[in-house]
Amino acid sequence: VRARPASLAHVGAGADTRPLLAGNLLADAMRLFGFLGKKEDEPHGLEGLGEALAGAGVTDGLWKDILEAQDIEDALDEELFVKRVREFTAKNPTPAFDLCCRCVKAIETAIPASGSTAGDQSPELSEEAELAITNSAAVLTKLLAAGPTKSEGSKGLLDKLWSEPASGGLSMGARAVNATMAMLFIDGFTADSPSDKAEAPECASGVEPGVLWLEGVGPEGGGNKADANMQDNRETGLRLLAALLCGGAPTEPPEPSSEEKPDKAERLSPPKPVSMDPLIVDTRAMSHLCDPNRQVPRRAELFYSLMSVVLAYDPHGLSVPYAGYFTGTKDEQFAQLCLQILDMLLQYDKDVANDAKGAIWERMPQQHPGLHDRQALFGEQTQVFRRLLTGISSEREVTFIVDGVLTLLGTVGEERSTYLPKSMRLPSFLTELLVLVFHFSICENFIRAACKDGDLAPLVEGLLEVVNKAPKGPDEPIIMLVWATLLRLTSYREVCIACNEDSGIDGDAEDESLLDAIFDSAIGTVGEYFVVSKADTIRWATMEACMATLTNLAPFTEELIAGTTCHFWALVDRSLKALQGRRSRGCAYWLSHMFECADYIFHYQYNGNQHFAYGMATRLPALKELRALAAAAAEAPDAGPEARASGAYKSPRSDDSRTSSDAITASWGKALKARLDPMLQMLEVIVPHLEAEVAKSETTNPSEAKAFLPRSLLGLLPPPPMFVTRGLRYNASTHRSCEQCLVACLAGGPIADLWDMEDEGESDADDNGNDRGSKPFNPAPRGGRGKAGRTGPSSLTHVANGIVAS
């Protein structure tokens with residue numbers, strides 16, 4: 001009845017309206033299922049809105065129609081699609097700015113008129129106020145979603161929104177952010193607080209528990225699952241918040257990696273560097289929202305509500321095979337939207353100022369045993385939402401978070417191990433979940449709880465496999481975040497010890513441990529990026545994170561299987577060959593990390609690593625040549641910046657220009673020589689004895705030859721060195737990686753329709769008549785190293801998509 005008030009206007013008082021209503025409902029149902037065409041002659045009531053914004057502006061009469069319009073979304077899709085809004089805001093942003101002001105003021109007026117936000121004893125929200133809030137938010141969302149990108153659009157509208165008024169006070173942009181936050185917690189509209197204020201739980205640290213959307217994270221006393229209408233209202237507010245935070249960035253998502261395999265020439269040449277250009281070109285809304293010195297309502301309530309909704313979502317449904325393909329779609333989409341907003345709130349534009357090359361911190365645990373102040377190593381968190389994240393400490397909240405993350409990330413392993421093929425559908429937000437876990441990796445309480453409960457193995461396995469399973473996002477940023485997260489995790493002693501457990505990842509050997517899987521994956525990533533240069537910031541940072549992860553694990557590596565040691569020494573052979581052939585000087589930098597791993601393994605874990613020791617013993621001549629090169633580099637003087645800039649100084653192998661120009665230096669030579677000297681002295685004792693025993697026994701099998709290695713290296717090596725543990729702070733590469741993943745996910749997520757470039761009737765079509773203007777971002781699937789990746793959605797997914805499309 002509320003949807004069709006105009007259709008009943010001609011019916012007299014007292015008349016029976018049921019036949020007319022039934023006819024309307026039947027017609028709508030037939031039109032929905034395709035038996036009747038769309039009523040092209042039925043006006044939506046907002047004709048001329050686009051022309052008004054391109055001309056003199058919105059009149060009072062048109063504004064009244066906007067506030068009272070029913071089903072305004074379809075009309076806005078026709079009148080305010082992205083391409084059109086950008087055209088008239090580029091010419092004259094004043095009419096659009098005036099309309100934005102009307103929308104913000106309408107939301108501000110409707111909220112206090114109905115009793116402010118939840119928790120206050122006030123009248124219920126009237127239908128007129130509810131409609132005004134919803135329609136104003138929808139119009140404002142469409143205008144902001146057409147914001148500029150790095151290559152298109154004007155900042156004229158945003159500059160007007162964020163300009164400080166001459167009379168003082170907040171800018172209209174700040175008021176829009178505050179109004180959106182307040183809108184998300186209106187009693188009876190987006191929040192379900194107790195009707196009796198005396199029964200409501202007391203505020204804790206400025207947080208009102210009664211308005212939380214769901215109980216889980218935050219003070220106890222949160223609400224229960226909302227009904228469909230309230231969830232739709234929350235989605236309206238979250239759509240507006242997404243448009244405020246990212247503008248028009250999802251209209252130009254990062255390009256997916258090519259599905260075609262590179263030829264040999266492409267593999268030997270450096271790939272095109274991953275762009276470090278910002279995708280979100282205007283961060284003023286984010287800065288206002290995250291600034292602890294700004295007064296923004298309901299920040300903690302929103303943060304806790306989003307996290308509770310996301311981590312309470314259960315992708316298993318009724319635990320019936322294949323049921324996940326047809327149930328819970330709306331709940332999953334809402335959880336995905338909440339997760340996308342939550343990830344956006346944890347972004348911080350000041351991370352860009354931190355150079356990726358100096359973001360890795362180092363410490364020696366043996367000098368500071370029992371150090372528990374990990375937050376000091378990551379730096380002080382001045383961003384509001386990161387403070388809230390690191391402040392979660394109660395056992396109830398931490399347990400809820402760990403269980404929720406493992407439930408979602410554990411579907412990767414469950415999907416692989418299920419008996420029925422394709423019987424479990426993975427969540428559609430694995431990429432967004434990876435971003436959230438990356439932020440969780442700075443939370444000591446989260447990591448220690450996962451280790452204490454024995455839940456670390458599923459977490460690490462999920463991280464290693466999410467590269468091949470994540471349905472959205474560019475490859476390189478996803479790989480970067482996986483290794484950045486693993487580097488942070490392995491900075492904990494408990495994590496390194498737990499990695500010696502058996503792995504559930506499909507491998508070549510049955511006895512493969514989780515540590516073997518990490519080593520293999522890291523070696524594969526470094527091998528794939530072997531020829532990149534420091535100019536390729538994200539790939540170079542990924543390689544550094546891989547190597548630092550291995551050096552963190554090396555002192556705790558109880559046993560590496562033969563296959564893993566073969567991969568490790570094969571990478572060493574490749575680096576030595578490239579160094580001798582003067583093809584890549586950057587490999588010298590990685591060699592120092594590799595032999596740091598070897599040094600730790602020999603000193604701390606020799607007994608269980610006979611395969612590793614045998615691999616090094618068979619490379620004694622090559623290692624002697626490397627030591628000679630390191631000694632020559634150690635004796636040469638380091639050149640200063642001026643000498644390198646002028647070209648007056650050339651270190652060994654300086655003719656290579658594709659990689660780092662300062663890889664081989666005196667400091668590098670001294671450090672590598674210091675590590676090689678004791679190991680070579682040890683090998684010069686072991687190898688002759690090993691060769692003599694092999695010749696005596698006429699052994700030709702390497703497995704049998706390993707039995708002649710000494711049981712212990714006591715007396716053959718100097719005292720063990722103090723090992724170095726490394727971690728990773730937020731920096732430019734992690735910020736850009738998160739940003740690229742989130743923009744790609746928004747462009748292909750549940751609110752992708754916000755960034756349709758053209759109207760449905762004007763969008764381009766391909767040769768088959770399919771719309772190209774509003775197709776969501778769908779990157780090519782990825783394949784793992786030596787394993788087949790996902791080749792696309794299953795047939796059941798196609799069936800489900802066909803039903804939804806119909």
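Sequence-distant or interchain residues sharing an amide H contact under 5 Å with W361, placed H: which?
Amide H neighbours of W361, under 5 Å, 5+ apart: G727, L728, R729.
Under a 5 Å amide H to amide H cut-off, with H placed in plane at 1.01 Å, what residues pair with A191 once short-range neighbours are removed?
HN-HN under 5 Å from A191: I186.
7 Å from Cα along Cα→Cβ at both N607 and E73: what's the point-to-point distance in nm?
If labels sit at N607 and E73, their model points lie 6.5 nm apart.
Accessible area, 1.4 Å probe, largest first: how do E596, E461, E698 sort? Could you put the intermediate results ahead of the total?
Numbers: E596 10, E461 35, E698 150 Å².
The ranking, largest first, comes out as E698, E461, E596.
Which residue, A588, I538, A548, has the largest displacement toward the positive end of the dipole of the range 512-624 when charges sit on each Cβ (Lys, Arg +1; Asp, Glu -1)?
About the Cα centre, the residue reaching furthest to the positive side is A588.
Hey, with R₀ at 22 Å, roughly what FRET efficiency would E528 and A674 work out to, going by the Cβ-Cβ distance, to 0.05?
Working: r = 30 Å, r/R0 = 1.37.
In this case the efficiency is close to 0.15.
Any idea what % of Cα-Cα pairs in the range 530-605 are farther than 17 Å? The partial results should precede the final answer.
Values: 1369 of 2850 pairs.
Summing the P(r) of the range 530-605 above 17 Å gives 48 percent of all pairs.
At a 10 angstrom cut-off on C-beta neighbours, averaged per residue, how do the peptides 145-157, 284-296 rank from highest to lowest?
Working: 145-157: 20.4, 284-296: 16.5.
Result, highest mean Cβ count within 10 Å first: 145-157, 284-296.
Step through the residues of the range 398-411 one at a time and calculate ³J(HN,Hα) from phi using the Karplus curve (6.51 cos²θ - 1.76 cosθ + 1.60, θ = phi - 60°), rounding each to whole Hz and writing x for Gly and Pro.
So the J values, rounded to whole Hz, are 5, 5, 4, 5, 4, 4, x, 5, 5, 5, 6, 6, x, 5.
Put +1 on the Cβ of every Lys and Arg and -1 on every Asp and Glu Cβ in the range 714-760; which of C745, G715, Y730 then has its Cα farthest towards the positive end of the dipole?
G715
Would you please put 69-81, 210-222 in order of how densely packed they are, using the mean number of other Cβ atoms within 10 angstrom per residue and starting with the highest?
On the way: 69-81: 18.7, 210-222: 22.8.
Final packing ranking: 210-222, 69-81.
If I model a spin label at D227 and E684 as a point 7 Å from the Cα along the Cα→Cβ vector, what separation in nanometres do I get?
About 8.5 nm, to one decimal.
Would you mind checking which residues have amide H under 5 Å from K534's amide H? H placed 1.01 Å from N; only 5 or more apart, or other chain.
Those qualifying (amide H under 5 Å, at least 5 residues apart or on another chain) are S660.
Run the quick spin-label model on T399 and A692: label points 7 Å from Cα toward the beta carbon, then report their separation in nm to one decimal.
That separation, rounded to one decimal, is 6.3 nm.
Based on the mean of other Cβ atoms within 10 Å per residue, sort peptides 706-712, 558-564, 126-132, 480-486 so the most packed one is first. Let's see the in-between values first.
Working: 706-712: 13.9, 558-564: 19.4, 126-132: 15.9, 480-486: 27.6.
With the highest mean Cβ count within 10 Å placed first, the list reads 480-486, 558-564, 126-132, 706-712.
Given Cβ point charges of +1 (Lys, Arg) and -1 (Asp, Glu) and nothing else, what value in debye, to the nearest 20, does the dipole of the range 48-183 about its Cα centre take?
On the way: 12 positive and 21 negative charges, 176 e Å.
The calculation lands at about 840 debye.
The values are calculated or read from the model by the stated rules, or taken from the named source; none is laboratory data. Keep in mind the model is a prediction, meaning the values are calculated, not measured. Positions of Cβ are backbone-derived with ideal geometry, glycine not excepted, and every protein chain shown enters the neighbour counts. When the accessible area is computed, the model is the full protein with side chains, heavy atoms only, and any ligands, DNA or RNA have been set aside. Shrake-Rupley method; radii C 1.70, N 1.55, O 1.52, S 1.80 Å.
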